[in-house]
Amino acid sequence: MAAEYYDFGPYKIHHSSVFYTTDLSFAFVNLRPAMPGHVLICPKREAKRVADLTADEITELWIIAQKVGKQLESYHKASSLRFGIQDGPQAGQTVPHVHIHVIPCRNADYAKNDDNYENFALDKERKDRSLEEMAQEADEYRKFVF
Ligand code: AMW
């Protein structure tokens, strides 16, 4: 049976925000997305750092990131993707549970390289979305991510 909540460090991610799962991983929509389609891929086991992951976990995370990235790029009519891991607090990691950011990018989104970094790192300054809004986005993605 599917879980009601998934652990993401100290947070509980409601299943309505989760749009794809495998044995070891889950993909979910972002509370404060940097761009439309900015999602997170996470191991189910609460591993803090990339060095804590097993080979199977690393493999699954990147296979899902590839699959989800391809589908979200097309859905959001984007033309590039940003994949990112902030591995440890000094690298900007705010949630101590490994996660890959997948961010569809369009022409105008990243005019300068510096903006890239800002858009990715300053998500804590954006407003939290409602559970309903996140559930709606996850419902959309569930229709084509499998
Ligand atoms: W990190 O700075 O640890 O690389 O990224 C943390 C990410 O998790 C951010 O994109 C942030 O918006 C997102 N986030 C934080 N809390 C939640 C939550 N409860 N549900 C979904 N996403 C979250």
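The values are calculated or read from the model by the stated rules, or taken from the named source; none is laboratory data. This one's a predicted model, so the numbers in the text were calculated from it and none came from an experiment. Here the Cβ positions follow ideal geometry from the backbone for every residue, glycine too, while neighbour counts run over all protein chains shown. Only protein heavy atoms, including side chains, enter the accessible area calculation; ligands, DNA and RNA are left aside. Shrake-Rupley method; radii C 1.70, N 1.55, O 1.52, S 1.80 Å.
Worth pointing out:
- LYS67 within 16 Å of the ligand (Cβ to nearest atom), at pLDDT 95 or above and within 14 Å of the chain's Cα centre (by Cα): no
- Filter result (within 11 Å of the ligand (Cβ to nearest atom) and at positive phi) within region 1-47: GLY9
- Residue count for region 61-73 under the criterion of being open to solvent by less than 10 Å² (accessible area, probe 1.4 Å) and in contact (Cβ under 8 Å) with a residue 60 or more places away in the chain: the result is 2.
- Within region 74-109, the only residue that satisfies the criterion of being in contact (Cβ under 8 Å) with a residue 60 or more places away in the chain, β-branched (Val, Ile, Thr) and not in a strand (DSSP E or B) is VAL95.
- Taken together, the residues in region 33-68 that are under 12 Å from HIS101 (Cα atoms), in a loop (DSSP other than H, G, I, E, B) and of a type outside the set (A, V, I, L, M) amount to 3.
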